[in-house]
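Novice: Sharing a structure, written as structure tokens. Questions coming.
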Amino acid sequence: IYSRDFRQTSMAESRSLFEQALRTRRSIDDRRGIAESLFHVGLTWENKKDPSAEELRRARASHEEALAIGEAGGFDIEASYAVRHLAGHKLDAGDLDAALAGFERSLELRLRAGYHIYLAPALMAVGDVWKARGNTSKAREYFERALAEANRLGATGLQDTAREALQSVPAAGPRRRRSRGRPC
């Protein structure tokens with residue numbers, strides 16, 4: 001339902017289901033599940049059709065709560081989701097430094113958790129910020145790593161996305177040899 005309605009509707013139907021799951025998980029004190037459900041509730045605010053500033057604030061608040069619970073419980077995967085989307089809010093606000101730090105942290109959490117299925121998107125997010133900062137060689141490095149990870153998994157959609165990202169940045173030219181002597 002969420003995927004079907006992604007950026008097309010108010011997301012009320014999927015939000016209601018995620019909120020129902022959240023209530024159930026709170027009632028049994030499933031901390032990991034609470035973090036996961038909070039993250040998904042936030043997604044429904046963030047990815048609805050034409051979210052307002054207040055709806056985006058709700059998304060951030062939901063993601064911040066999910067992150068706090070994920071960090072407190074040592075739930076690296078759930079924390080990686082929340083921190084990634086909080087970094088996206090920073091990117092949308094034009095704060096490239098905070099966005100880069102957040103995307104790098106999300107990548108680190110996924111690596112630590114061994115969560116390989118979502119490493120390629122994490123690598124691409126870091127590359128996107130480097131590209132926005134004008135460092136195409138760093139961007140290319142991350143896009144190449146993303147493609148390698150997508151290839152390793154056989155994830156064709158991620159392979160295509162990584163190839164497109166690579167095509168968006170110039171290939172590095174030949175390296176000049178640096179003089180090892182003293183400057184003239």
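Novice: In straight Cα distance, which lysines are under 19 Å from Lys131, not counting same-chain residues fewer than 8 positions off?
Specialist: Once the sequence-local lysines are set aside, what remains near Lys131 is Lys90.
Novice: I'd like the accessible area for Thr156, computed on protein heavy atoms only with a 1.4 Å probe and all protein chains in place. Round to 10 Å², please.
Specialist: 90
Novice: Taking DSSP loops as anything outside H, G, I, E and B, show the longest stretch in the chain free of trypsin sites (Lys or Arg not before Pro) there with at most 12 other beta carbons within 10 Å.
Specialist: Result, exposed sites excluded: 50-174.
Novice: Treat every Asp and Glu Cβ in the range 104-149 as -1 and every Lys and Arg Cβ as +1, leave all other atoms uncharged, and give the resulting dipole magnitude about the Cα centre to the nearest 20 debye.
Specialist: For this selection, approximately 100 debye.
Novice: Where does the chain land at 222 nm, in deg cm²/dmol rounded to the nearest 500, when only DSSP H runs of n ≥ 4 count, each adding -39500 (n - 2.57), divided by all residues?
Specialist: -24000 deg cm²/dmol
Novice: If you don't mind, there's one more thing I want to ask. In square angstrom, what is the accessible area per residue of the chain with a 1.4 angstrom probe?
Specialist: 59
Novice: Taking springs between alpha-carbon atoms closer than 10 angstrom, which of Pro51, Pro170, Pro121 fluctuates most in the Gaussian network model of the chain?
Specialist: Maximum among the listed residues: Pro170.
Novice: While we're on this one: Round to the nearest 10 and report in Å² the accessible area of Trp45, as given by a 1.4 Å probe over the protein chains' heavy atoms.
Specialist: Here the accessible area works out near 40 Å².
Novice: Please give the net charge around Lys49, taking every other residue with its beta carbon less than 11 angstrom from that of Lys49, where Lys and Arg add +1 and Asp and Glu add -1.
Specialist: -1
Novice: When only Cα pairs under 8 Å and 6 or more residues apart are kept, what is the percent relative contact order across the range 112-164?
Specialist: Reported relative contact order: 36 percent.
Novice: Heavy atoms only, probe 1.4 Å: what % of the accessible area of the range 1-42 goes to carbon and sulfur, would you let me know?
Specialist: Answer for the range 1-42 is 48 percent, counting heavy atoms of protein chains only.
Novice: A further question follows. If a/c stays under 1.5 just call it rounded; otherwise compare a/b with b/c (prolate if a/b is bigger, oblate if not). Do that for the range 103-153, with a ≥ b ≥ c from the square roots of the Cα gyration tensor eigenvalues.
Specialist: Verdict is oblate for the range 103-153.
Novice: Each residue of the range 57-67 in turn: what ³J(HN,Hα) in whole Hz from Karplus with 6.51, -1.76, 1.60 and θ = phi - 60°, glycine and Pro shown as x?
Specialist: For the range 57-67, the Karplus-derived couplings read 4, 4, 4, 4, 4, 5, 5, 5, 5, 4, 5 Hz, x marking Gly and Pro.
Novice: For the range 1-132, what percent of Cα pairs sit more than 19 Å apart?
Specialist: The calculated P(r) of the range 1-132 puts 50 percent of pairs beyond 19 Å.
Novice: Can you give the charge dipole size of the range 1-65 about its Cα centre, rounded to the nearest 20 debye, using +1 on the beta carbon of Lys and Arg and -1 on the beta carbon of Asp and Glu?
Specialist: Dipole size: approximately 60 debye.
Novice: Under a point spin-label approximation (7 Å from Cα along Cα-to-Cβ), what is the Asp50-Asn135 distance to one decimal in nm?
Specialist: In this crude spin-label approximation the distance works out to 3.9 nm.
Novice: Here's something else I'd like to know. Between Glu144 and Arg23, 0.36 nm times their residue separation minus their Cα-Cα distance comes to what?
Specialist: Using 0.36 nm per residue and subtracting the Cα-Cα distance, I get 39.4 nm.
Novice: Please give, to one decimal in nm, the separation of the simple spin-label points placed at Ala101 and Arg7, each 7 Å out from Cα toward the Cβ.
Specialist: 2.8
Novice: Let me know the charge dipole size of the chain about its Cα centre in debye, to the nearest 20, where only the beta-carbon of Lys, Arg (+1) and Asp, Glu (-1) is charged.
Specialist: The calculation lands at about 1160 debye.
The values are calculated or read from the model by the stated rules, or taken from the named source; none is laboratory data. The shown structure was predicted, so the numbers you read here are calculated from the model rather than taken from an experiment. Heads up, the Cβs are rebuilt from the backbone with ideal geometry, glycines too, and the neighbour counts pull from every protein chain shown. The protein model used for the area step is the full one, side chains on, heavy atoms only, and it has no ligands, DNA or RNA in it. Shrake-Rupley method; radii C 1.70, N 1.55, O 1.52, S 1.80 Å.
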